[in-house]
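For reference, the structure is listed below as structure tokens.
Derivation of every value follows stated rules applied to the coordinates shown; laboratory data play no part. Bear in mind that the values here come from a model prediction, so they are computed numbers and not experimental data. Reconstructed Cβ throughout: ideal geometry from the backbone, glycine too, with neighbour counts over all protein chains shown.
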Amino acid sequence: MATSRPAGRPIAEAPVVPDPTIADPAPLGLAAFALTTFILSLANADVYPSAALAAIYTAIAYGGIVQLLAGMWEFKRANTFGATAFSSFGAFWIAVFFLVHVGKLLPGLPETANLYGTFFLAWAIFTAYMTVASLRVSAAVALVFVLLTLTFVWLTIGAFQGSENWTKLGGWFGVATAAAAWYASFAGVANSTFKRVILPVYPLADRGTRVDEG
């Protein structure tokens, strides 16, 4: 509820208190992102081209819906970074499913070059500014966003130029991104379960300042 202020002063919202009854959704969101990214990146890197089909169906279920749900739970925990990241990338994977499976707009074709080039470029911009924000979360999360930004840059160039080599490079960076995200997810699950630091994520927030590791 908004709090009243004297005339001429802006109205400020009361601070939101995180709900401690909800488990941390970040490990789930990171796992959903990592697994889907890993499968599709193997196809982009031309390691297992047929993996692209599995990636599309995984995109709607795990990378899309589950990650979107993780984003919604982050809102409940008052974690702006996690809510924005997971909700957005959940929507990214749902969009990929609709582009490829419903719209039959296959990447790698001359007629879809500008479509996917623009699509990846937009996501590169979003990921780049989220990378800046990730520098106040943890080194583990920041690494995910740095690698993901580069992945989108290489995929953007590959799409616009119709270059398999740039797309393959994006695929390999995507594999690295998935590995980093899996580590961050594993750390979140292990540290929470054992109630102590099993795998370090190296928080980057100032001491005494609370920044959720979404």
So, over other residues within a Cβ distance under 15 Å of ASP46, counting Lys, Arg +1 and Asp, Glu -1, the net charge is 0
Non-local residues with an amide H under 5 Å from the amide H of ALA78, with H modelled 1.01 Å from N and Pro and chain starts lacking one, are ASP19
What does the helix-only formula give at 222 nm for the chain: each DSSP H stretch with n ≥ 4 adding -39500 (n - 2.57), the total divided by the residues, and the result rounded to the nearest 500 deg cm²/dmol?
-21000 deg cm²/dmol
For a quick check: sort THR36, THR131, THR118 by the number of other beta carbons within 10 angstrom, fewest at the front.
THR118, THR131, THR36
Acute angle (nearest 10 degrees) that the helix 80-97 long axis makes with the longest principal axis of the chain, alpha-carbon atoms:
20
Mind listing the long-range amide H neighbours of SER138? Cut-off is under 5 Å, sequence gap 5 or more, other chains count too, H placed in the peptide plane at 1.01 Å from N.
LEU204
Shape parameters for the chain, alpha-carbon atoms, Rg then Dmax in Å
18.7, 64
From the Cα trace of the range 93-214, what convex hull volume per residue do you get, rounded to a whole Å³?
104
Compute the separation of the alpha-carbon centres of the range 162-201 and the range 132-157 and state it in Å as a whole number.
11
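Quick one: in the range 39-113, what % of C-alpha pairs are over 18 Å apart?
On the way: 1313 of 2775 pairs.
The answer is 47 percent, as a whole percent.
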Distance between the range 85-99 and the range 33-51 - C-alpha centres, whole angstrom:
16
In the chain, once you exclude exposed trypsin sites (Lys or Arg not before Pro) (DSSP loop, at most 11 other Cβ within 10 angstrom), what's the longest stretch remaining?
1-103
